[in-house]
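The values are calculated or read from the model by the stated rules, or taken from the named source; none is laboratory data. Keep in mind that this is a model prediction, so the values were computed, not measured. Heads up, the Cβs are rebuilt from the backbone with ideal geometry, glycines too, and the neighbour counts pull from every protein chain shown.
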Amino acid sequence: MSFIEAQHYLKKGDSVECQLCPHRCHIRDGKSGICGARENKKGVLYSSIYGEVTSMAMDPMEKKPLYHFFPGSQIFSIGTKGCNLRCPFCQNWSISQEPSVRSSYRAPEEIVNMALSAGSVGIAYTYNEPTIWFEYVKDCSLAAKEKGLKNVLVSNGFVNPAPLDELTGFIDAMNIDLKCYNDETYKKVMKADLGPVKETIKRAHGNGCFLEITTLVVTGINDNMDELIELAEFIASVDRKIPWHLSRYYPSYKYNKPATDISFLTDIWEAGSQILDYVFTGNVHPSDSHGDTICPECHTVIISRNGYHTVVKDLEHGRCKSCGHELGIIH
Ligand code: SF4
């Protein structure tokens, strides 16, 4: 296990207050915070997961999912372990909720070199919650930036404003999970709060970070049309060009209600498409999916997708080739 002194905390005698996420854990000597990734040793807070990598792979950018950031490219993706949320339906629980999962140390330079030799467009910090890996994500990102690589964060957005502002200095794009639009559900089910996640979305966008939003539509948790419409309206209030991914849930971890009803997913896709320019369904068979990017102005297919097979068609300098509409796509 690799320890490095953590950033964003306050010393309080032998105790510390971690200020990385809104939990603001008060941690006594010898104990760890809720995420299990930050430990107090004699009044000093350490990251206990610095450089500890549990998973790495070259993934399609579309798998993050990011549909309007270098569409059709591949990105070197890494993850560690732990999470500051407790979603019972977690689709990645074996690394996010299992502290004993095996990891191995990789120096930031090693990760950057691996990404470069794989021909990747950048590095994605993903698979588990990367904001709790703050110190390592920062070191890797800065080293990656020096080599001209992009940095991508796939996050639950439950992070405090000060570390977020620092992250958006070197993170180029984020996919943020907005898990529902009900604070009671966030509190009861995810053991977090809705407000800070909304704040992260507004702030990251205001800081100029490219954004996409994902909502895993979970049977019996957030499959409520009125609530999802409110959620879409919130995204539109930030920017209606932000892509919204509606992802199908499958039973996992501690939650075994049936997988999301496909026709309900299609209904939300239809309703959301009246509110936002780009709504997609994911985690479904290609024949059931709505994965193409269509020009909101002239309805030309800009990017077609069949599973992870992506074809960029009518795109030029971020605009629709047919009508010239500015699409908000980075490529
Ligand atoms: S990052 Fe971890 S230790 Fe810090 S406040 Fe959040 S849950 Fe607690």
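Assessment of segment 211-219 against the conditions (in a helix (DSSP H, G or I) and surrounded by 23 or more Cβ atoms within 10 Å (Cβ to Cβ)) yields no matching residue.
May I ask you to say which residue of 296, 286 is in contact (Cβ under 8 Å) with a residue 12 or more places away in the chain and assigned by TED's automatic domain parsing to the domain that holds residue 239? Matching residue, one of 296, 286: 286.
State the number of residues belonging to segment 272-330 that are assigned to a loop (DSSP other than H, G, I, E, B) and of a type in the set (Ser, Thr, Tyr). Counting residues in segment 272-330 that are assigned to a loop (DSSP other than H, G, I, E, B) and of a type in the set (Ser, Thr, Tyr) gives 5.
Taken over segment 6-60, residues that are small (Gly, Ala, Ser), without any contact (Cβ under 8 Å) to a residue 60 or more places away in the chain and more than 8 Å from the ligand (Cβ to nearest atom) amount to 6. Residues in segment 220-229 that are surrounded by fewer than 18 Cβ atoms within 10 Å (Cβ to Cβ) and assigned to a helix (DSSP H, G or I): 225, 226, 227, 229.
Table: residues versus (1) closer than 14 Å to residue 82 by Cβ; (2) surrounded by fewer than 20 Cβ atoms within 10 Å (Cβ to Cβ); (3) of a type outside the set (Val, Ile, Thr).
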| site | (1), (2), (3) |
| --- | --- |
| 98 | yes, yes, yes |
| 111 | no, no, no |
| 119 | no, yes, yes |
| 142 | no, yes, yes |
| 146 | no, yes, yes |
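Restricting 119, 82, 72, 148 to residues that are in the same structural domain as residue 252 (by TED's automatic domain parsing) and touching a Gly at 6+ places or on another chain (Cβ under 6 Å) narrows the list to 82. Inspect segment 239-259 for any residue being touching a Lys or Arg at 6+ places or on another chain (Cβ under 8 Å), touching a residue at least 24 places away in the same chain (Cβ under 8 Å) and not in a loop (DSSP other than H, G, I, E, B) and give the result as yes or no. No, segment 239-259 contains no residue that is touching a Lys or Arg at 6+ places or on another chain (Cβ under 8 Å), touching a residue at least 24 places away in the same chain (Cβ under 8 Å) and not in a loop (DSSP other than H, G, I, E, B).
Mind checking which residues of segment 79-116 are of a type in the set (A, V, I, L, M) and in contact (Cβ under 8 Å) with a residue 60 or more places away in the chain?
Of everything in segment 79-116, just one residue is of a type in the set (A, V, I, L, M) and in contact (Cβ under 8 Å) with a residue 60 or more places away in the chain, namely 85.
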